[in-house]
Amino acid sequence: MKDERDEQEQMMLDMVDRFLETEVAPHVHKLEHDDIYPEEIVEKMKAMGLFGCIIKEEYGGLGLSATAYARIIERISRTWMSLSGIVNSHLIMASAVQRAGTEAQKAEFLPRFATGEIRGGVGLTEPNCGTDLQAIRTTARRVGDEYIVNGTKTWITNSMYGNCLALLVKTDRTAEPRHRGMSLLIAEKGPGFKVTRKLEKLGYRGIDTCELVFEDYRVPADRLIGGQEGRGLQQILSGLELGRINVAARGVGVARAAMEESLAYAQVRTTFGKPICEHQAIQLMLAEMSTRVEAARLLVESAARAFDTGERCDMEAGMAKYFATEAALKNATDALRIHGAYGYSKEFNVERYYRDAPLLTIGEGTNEMQRIIIARQLVERNRA
């Protein structure tokens, strides 16, 4: 069974490689430069089943392991990181329903998530609330068989072209501790769900990242994930473990792309009568770039394997996310320096890596927070 599964996953990876080479790579420069949403590419991703990567086969998904999923995301990010975010936010939403939803919710939504018929992300961040999710202000008041939602969300991926969110709300503003008053809703677009503006970004372009306003937006009560109030924070945090593995895999992809382009360029660019790869200063940079990629990849594999066993893996995911995204940032910077003026030009991919990489150190929990999580888990798991 394991050999068969490994063969299926390798076939999927080969298909993704071909797709990226023929359908994505030729169009990245224009789409990213002009900040155009890649609608045709997304439709092809639906057809490939990528929006059902980690959804169980019984619900129409591919049922891939987190390990295989991370490898797919690494490949996508080597070509165009923005596409990985389109998949990731959607699958965090799907993962929350798959792990914590009622049987009726799973049966109704997971098959439609898997095909991309319903596609979206997670509604967490607010104008005054990022890493501290317990500080959200968006409320959901139960009235009969509905929740009435009011509030604002921002930096929400897949919110303009998607049609559903796993929406984090306060169902009890007086609860202590605060997380006991938080719930997670399956929120499909409808009256009162308003996309007010698309946010302009330094990098991560092409993907829709928006500000949302909810004004007396009504959600059927049976869309409360798990059917019980007060569990929303725990439900979404379990999904964020997968999200952090995804972001770490993106880091590996960007770090690898920056390293590979630098390695190729260093062999054809000459100074003082020889290729710059023969200069010791460049050799040291290339060696460090390559080592970062391999170390980051191994940390991502470790975190993904832990996730696949069903174990708590916030420390492993935090380590992978922290190291891999810092590797992406450093490799992108070194690639810019190796390429010199060409690295600063929009005609080359290197400047895109340099703009994309900083987001990875912020998204899905800042790297400062990852280090705190790592330290706390180290103490918890190794009591003196």
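Just so it is clear, none of the values below were taken in a lab; they were calculated from the coordinates. Fair warning: this is a prediction, and the values are worked out from it, not measured in the lab. Using ideal geometry, Cβ is built from the backbone for each residue, glycine included, and neighbour counts are taken over all protein chains shown.
Summing charges over neighbours of Asp216, with a neighbour being any other residue whose Cβ is under 12 Å away from its Cβ, gives +1 when K and R count +1 and D and E count -1.
For Arg305 and Asp3, the FRET efficiency from 1/(1 + (r/R0)^6), where r spans their Cβ atoms and R0 equals 22 Å, is about 0.80.
Which distance in nm do the two modelled labels at Leu378 and Leu298 give, with both placed 7 Å along the Cα-to-Cβ direction? Once both label points are built, they end up 1.8 nm from each other.
Using just its DSSP H runs of length 4 or more, each adding -39500 (n - 2.57), the chain gives a mean residue ellipticity at 222 nm of -17500 deg cm²/dmol after division by all residues.
Given R₀ = 35 Å, what would the calculated FRET efficiency be for Glu21 paired with Ile362, taking r from the Cβ atoms and rounding to 0.05? According to the calculation, E is roughly 0.70.
Backbone phi angles across region 379-384, fed through the Karplus curve with coefficients 6.51, -1.76 and 1.60 (θ = phi - 60°), yield HN-Hα couplings of 5, 4, 8, 10, 4, 6 Hz in residue order; Gly and Pro are listed as x. Seen from a random direction on average, the alpha-carbon convex hull of the chain projects onto 20.7 square nanometres. Karplus-based coupling profile of region 288-305, in residue order and whole Hz: 5, 4, 5, 5, 4, 4, 5, 5, 5, 4, 5, 5, 5, 4, 4, 5, 5, 5, with θ = phi - 60° in 6.51 cos²θ - 1.76 cosθ + 1.60 and x standing for Gly or Pro. Working from Cα pairs under 8 Å separated by at least six residues, relative contact order for the chain is 16 percent.
Scanning residues 5 or more positions from Tyr147 or on other chains, those with amide H under 5 Å from its amide H are Val219, Ala221, with H placed 1.01 Å from N in the peptide plane. Distance between the pseudo-spin-label points of Thr174 and Thr270 (7 Å out from Cα toward the beta carbon): 8.0 nm. At full extension, Glu39 and Lys56 could sit 3.5 nm farther apart than now, given 0.36 nm per residue minus the alpha carbon distance. Can you tally the net charge around Arg119? Count Lys and Arg as +1, Asp and Glu as -1, for every other residue whose Cβ sits under 13 Å from the Cβ of Arg119. Net charge in that neighbourhood comes out at -2.
With a Förster radius of 45 Å applied to the C-beta separation of Arg337 and Glu215, the computed FRET efficiency comes to 0.40.
Normalised by the number of residues in region 166-281, the average gap of Cα pairs under 8 Å and 6 or more apart makes the relative contact order 23 percent. Other residues lying with their Cβ under 13 Å from the Cβ of Met182 contribute a combined charge of +1, Lys and Arg counting +1, Asp and Glu -1.
Give the residues of region 200-237 whose amide nitrogen is closer than 17 Å to a point set 7 Å from the Cα of Arg141 in the direction of its Cβ. Residues passing the 17 Å test: 214-221. For region 45-160, the relative contact order comes to 24 percent (Cα pairs under 8 Å, sequence separation of at least 6). On a 18 Å Cα-Cα criterion, which of the cross-link pairs Lys153/Lys194; Lys30/Lys194; Lys201/Lys346; Lys30/Lys321; Lys44/Lys189 come out too long? Long pairs (Cα-Cα over 18 Å): Lys30/Lys194; Lys30/Lys321; Lys44/Lys189. Under the convention that each Lys and Arg Cβ holds +1 and each Asp and Glu Cβ holds -1, the size of the dipole of the chain around its Cα centre is about 940 debye.
Amide H contacts for Thr209 (H built 1.01 Å from N in the peptide plane; partners 5 or more residues away or on another chain; cut-off under 5 Å): Leu199. Between Val122 and Thr157, Ala166, the built amide H atoms are under 5 Å apart, and every one of these is 5 or more places off in sequence or on another chain. Backbone phi angles across region 347-352, fed through the Karplus curve with coefficients 6.51, -1.76 and 1.60 (θ = phi - 60°), yield HN-Hα couplings of 6, 10, 6, 4, 5, 5 Hz in residue order; Gly and Pro are listed as x. Reported to the nearest whole Å, the Cα centre-to-centre distance from region 320-384 to region 166-217 is 26.
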